[in-house]
Amino acid sequence: MNTKYTFLLPAYKPDFFKEALDSILGQTYKDFNLIILDDCSPYDLKSIVDEYKDSRITFHRNEENMGGKNLVSCWNKLLSYAEGEYIILASDDDVYELNFLKEMDKLAQKYPEVDLLRARVRRIDDKGEILAEDALYKEHGDSIDYIYQKHFNNGITCMACFVFKTEALKSEGGFEYLPVAWHSDDASSLKVCKNGIANSSQILFNFRTSSVNISGRKITSKDALEKAKATLLYDSFFHKFINKIKSEKSPLKPIQERKINFALKHHDDFSYTMSRTYATLCNIKDFWELIKYVPQKMRLKFMLYYFKMKLFY
């Protein structure tokens with residue numbers, strides 16, 4: 001079914017799956033399809049899907065679990081099925097407001113040149129209680145505006161709040177791989193924002209933090225290693241992205257230069273703080289595996305901080 005919008009839904013956990021499906025299939029804008037990929041779940045997700053008897057649904061099941069090894073490869077497999085103009089990578093535990101697609105379509109019609117739309121986000125817990133609400137972004141801006149707003153607003157970032165032009169994302173190689181998909185949402189959105197971004201003023205998406213996803217579960221040494229690794233790899237990606245923008249827009253206007261410099265400083269401070277924080281949660285074996293991802297100029301400081309924290313805490 002070739003429609004304007006396609007929701008892509010990698011599914012594994014049953015805990016909030018029906019609530020997620022209700023929020024997608026209950027959209028007031030009806031002209032869309034939904035492609036579900038059961039990632040070899042041990043739970044009977046198909047029986048839940050079959051309850052809906054909705055012709056807009058296409059269901060696939062992996063013979064082996066992909067997400068446990070490489071979640072982004074699972075996302076890109078779903079992307080390969082998509083034929084509509086826009087895609088939304090949904091989740092099996094998050095919740096869309098029922099007017100999400102209607103409001104995003106208004107933005108798509110108003111700004112047809114952009115390849116990336118973003119809905120404002122609310123963070124919720126496993127009971128649906130509100131934990132935080134996203135900042136208000138400018139409705140429309142170029143790629144420099146986007147990186148500036150991301151860092152100035154400290155907004156809530158999650159993959160499922162974005163609407164991507166399908167061909168733009170595919171032409172950039174699909175969703176960006178990073179370990180445990182940590183920062184893959186940031187990197188993937190940056191890849192397709194060269195024609196700017198349009199943002200909703202309403203909160204249209206609820207991002208769930210719970211004990212059953214990597215954002216909310218108790219962190220292990222292995223989790224810490226993968227998150228630290230992903231943070232350092234994203235740091236390298238971000239700097240390459242900024243350098244590309246500078247070359248494409250050279251010479252920069254003074255306001256553009258200030259926005260980029262602000263974003264770089266904020267990013268570097270955050271990246272270094274978070275990567276070293278995750279590193280201190282690693283055991284010594286994992287830490288030595290991580291150190292090769294740390295830029296040479298930072299390694300001594302990284303090691304001194306790690307051993308200091310292990311010694312005193």
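The values are calculated or read from the model by the stated rules, or taken from the named source; none is laboratory data. Note that the coordinates shown come from a computational prediction; the quantities given were computed from them, not determined experimentally. When we count neighbours, we look across all protein chains shown, and the Cβ atoms used for this are built from the backbone with ideal geometry, even at glycine. Just the protein is used for accessible areas: all its heavy atoms, side chains included, with ligands, DNA and RNA removed. Shrake-Rupley method; radii C 1.70, N 1.55, O 1.52, S 1.80 Å.
Scanning the range 277-294 for residues being open to solvent by 20 Å² or more (accessible area, probe 1.4 Å) and not in a helix (DSSP H, G or I) gives a total of 2. Answer yes if at least one residue in the range 75-88 is assigned to a strand (DSSP E or B) and either of a type in the set (A, V, I, L, M, F, W, C) or surrounded by fewer than 22 Cβ atoms within 10 Å (Cβ to Cβ) (or both), and no otherwise. Within the range 75-88, one or more residues are assigned to a strand (DSSP E or B) and either of a type in the set (A, V, I, L, M, F, W, C) or surrounded by fewer than 22 Cβ atoms within 10 Å (Cβ to Cβ) (or both).
Residues in the range 300-311 that are surrounded by 13 or more Cβ atoms within 10 Å (Cβ to Cβ) and of a type outside the set (F, W, Y): 3 in all. Across the range 189-202, not a single residue is classified as at pLDDT below 95 and closer than 28 Å to L21 by Cβ. Among what's in the range 20-59 and is in contact with a Pro (Cβ under 7 Å, 6 or more places away or on another chain) and either of a type in the set (D, E, K, R) or assigned to a loop (DSSP other than H, G, I, E, B) (or both), pick the residue that is farthest from K77 (Cα to Cα). Here the answer is Y43. The single condition among (1) touching a helix residue (DSSP H, G or I) at 6+ places or on another chain (Cβ under 6 Å); (2) more than 29 Å from K285 (Cα to Cα); (3) in contact (Cβ under 8 Å) with a residue 60 or more places away in the chain that S184 does not satisfy is (2). Residues in the range 60-74 that are hydrophobic (A, V, I, L, M, F, W, C) and in a loop (DSSP other than H, G, I, E, B): M66 only. Residues satisfying the criterion are absent from the range 115-136 (criterion: in a helix (DSSP H, G or I), in contact (Cβ under 8 Å) with a residue 12 or more places away in the chain and surrounded by fewer than 20 Cβ atoms within 10 Å (Cβ to Cβ)). When the residues of the range 244-293 are filtered to those that are within 22 Å of the chain's Cα centre (by Cα) and polar (S, T, N, Q), which remaining residue is nearest to I147 (Cα to Cα)? Of everything passing the filter in the range 244-293, S271 is nearest to I147 (Cα to Cα). Considering the range 149-176, the residues that are within 27 Å of T209 (Cα to Cα) and open to solvent by 60 Å² or more (accessible area, probe 1.4 Å) include one that is farthest from the chain's Cα centre (by Cα), namely F152.
Take F205 and tell me if it is surrounded by 15 or more Cβ atoms within 10 Å (Cβ to Cβ) and assigned to a strand (DSSP E or B). Here the answer is yes, as F205 does meet what is asked.
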